[in-house]
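Contents: one structure, followed by commentary.
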Amino acid sequence: MKKLSHQLTEKYGKGYEQSSLYKYVKFYKMYPDILDSSSPKSSKLLSWTHYRELIRVEDPAARAWYEDEAYKETWSVKTLKRNIESQYYYRLLKSQVKEPVIEEMHQLTEDYQNDQLEFVKNPMIVEFLGFKADTSFTETELESSILTNLQKFLMELGKGYAFVARQQHIHTEKEDYYIDLVFYNYILKCFVLIDLKTTKITHQDVGQMDMYIRMYDELKRSENDNPTLGIVLCSDTDEDIARYSILHGNEQLFASKYKLYLPTEEELRAEIETQKEIFNMQLEDKKEKWDL
């Protein structure tokens, strides 16, 4: 494994540490029907982060049950992790009256299920796009690769997403605009616009997405839809942008960072904490109001 890790890292870049390789092997043994193809044998697919939690469950019956429930009930990763750690499956099995156990689970995981960070994932792990971290590529190439790997990208986005359009045309009285990618989230009941950037986010990127959101709400959104969300998907986020640009205090506008390789658990944990801090800077004023 050490030799293989070195060879793969040399050839493909980061994401092939020894600890990661052992997880990939374990995943393959537990889920041999999930293939890297456009038509996998298994139609019940979750994100890799979900499967990282599932492969820790040694009991095949419990693991299959957690996978099925996570898929049917659109559990967030936090909800799945909490339910595994609290032995939810076994407590249900032992309970003659199951409703109180189920109700308790719903109450304890309600915040996880409604957390905006569960619907606007940050960072996004997009190693399946096939780009190396040390090579350059255009926004058009990034968009094309996302569409080629759309099923995997939808899983990475999270629960409730459906693809709507690429380069969607919006015509105003004076100009024509084109939005890179448009999705609809049937849980949030709103459109989600994604603007792709191969560089670190700038205040111009944020201003452009803010304009797209306003135009979409006025020209495309129906009465039954909630306000449109916008995500600037970029190679890196920025604390100053989150704190001082129009991103600050905006509940419809988000910046997400993409990573082109699968990080180790330690790297992923550190990256998530960094992005959470930036997200909290964006919502700083609102958090102060909530505390009051």
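The values are calculated or read from the model by the stated rules, or taken from the named source; none is laboratory data. Keep in mind that this is a model prediction, so the values were computed, not measured. Cβ atoms come from the backbone with ideal geometry, glycine included; neighbour counts cover every protein chain shown. Quick note on the areas: whole protein, heavy atoms, side chains included, nothing else; ligands and nucleic acids left out. Shrake-Rupley method; radii C 1.70, N 1.55, O 1.52, S 1.80 Å.
Conditions (1) within 22 Å of Glu139 (Cα to Cα); (2) in contact with a His (Cβ under 7 Å, 6 or more places away or on another chain), marked per residue:
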residue: Cys190; (1), (2): no, no
residue: Leu193; (1), (2): yes, no
residue: Tyr212; (1), (2): yes, no
residue: Ile231; (1), (2): yes, no
residue: Ser245; (1), (2): no, yes
residue: His248; (1), (2): no, no
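Name the residues in the stretch 50-98 that are of a type outside the set (S, T, N, Q) and in a loop (DSSP other than H, G, I, E, B), would you? Within the stretch 50-98, Ile55, Arg56, Val57, Glu58, Asp59, Glu73, Trp75, Val97, Lys98 qualify.
Across the stretch 183-202, the number of residues qualifying as surrounded by 16 or more Cβ atoms within 10 Å (Cβ to Cβ) and assigned to a loop (DSSP other than H, G, I, E, B) comes to 4. Candidates are the residues of the stretch 6-47 that are within 25 Å of Tyr90 (Cα to Cα) and surrounded by fewer than 16 Cβ atoms within 10 Å (Cβ to Cβ); the one that is modelled with the lowest pLDDT is Lys44.
Please work out which residue is farthest from Glu58 (Cα to Cα), limiting yourself to the stretch 103-122 and to residues that are at pLDDT 80 or above and open to solvent by less than 90 Å² (accessible area, probe 1.4 Å). If we take residues in the stretch 103-122 being at pLDDT 80 or above and open to solvent by less than 90 Å² (accessible area, probe 1.4 Å), then Val120 is farthest from Glu58 (Cα to Cα). Do we find that Lys276 is surrounded by 19 or more Cβ atoms within 10 Å (Cβ to Cβ) and under 14 Å from the mean Cα position of the chain (by Cα) in this structure? When the stated conditions are applied, Lys276 does not pass them.
For every residue, the table says whether it meets (1) surrounded by 17 or more Cβ atoms within 10 Å (Cβ to Cβ); (2) farther than 30 Å from Tyr16 by Cβ.
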site: Ala70; (1), (2): yes, no
site: Val101; (1), (2): no, yes
site: Glu139; (1), (2): no, no
site: Ala165; (1), (2): no, yes
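Please find, within the stretch 242-266, the residue that is least open to solvent (accessible area, probe 1.4 Å) out of those that are part of a helix (DSSP H, G or I) and out of contact with any helix residue (DSSP H, G or I) (no Cβ under 6 Å at 6 or more places or on another chain). The residue in question is Glu265.
A Cβ distance below 6 Å, combined with a sequence gap of six or more or placement on separate chains, defines the contacts here; from the stretch 21-45, residues that are over 21 Å from Ala61 (Cβ atoms) and of a type outside the set (S, T, N, Q) reach residues that are modelled with pLDDT of 55 or more and open to solvent by less than 60 Å² (accessible area, probe 1.4 Å) in the pairs Leu21/Ser5; Pro40/Ile34. Can we say Met211 is open to solvent by 30 Å² or more (accessible area, probe 1.4 Å) and part of a helix (DSSP H, G or I)? Here the answer is yes, as Met211 does meet what is asked. Residue under question is Ala270, and the condition is that it be open to solvent by 30 Å² or more (accessible area, probe 1.4 Å), part of a helix (DSSP H, G or I) and modelled with pLDDT of 85 or more; does it hold? In short, yes. Residue under question is Asp180, and the condition is that it be within 22 Å of Glu139 (Cβ to Cβ), touching a residue at least 40 places away in the same chain (Cβ under 8 Å), outside any helix (DSSP H, G or I) and not small (Gly, Ala, Ser); does it hold? When the stated conditions are applied, Asp180 passes them. Do the conditions hold for Glu223, that is, is it part of a loop (DSSP other than H, G, I, E, B) and more than 17 Å from Phe279 (Cα to Cα)? For Glu223, the condition - part of a loop (DSSP other than H, G, I, E, B) and more than 17 Å from Phe279 (Cα to Cα) - is met.
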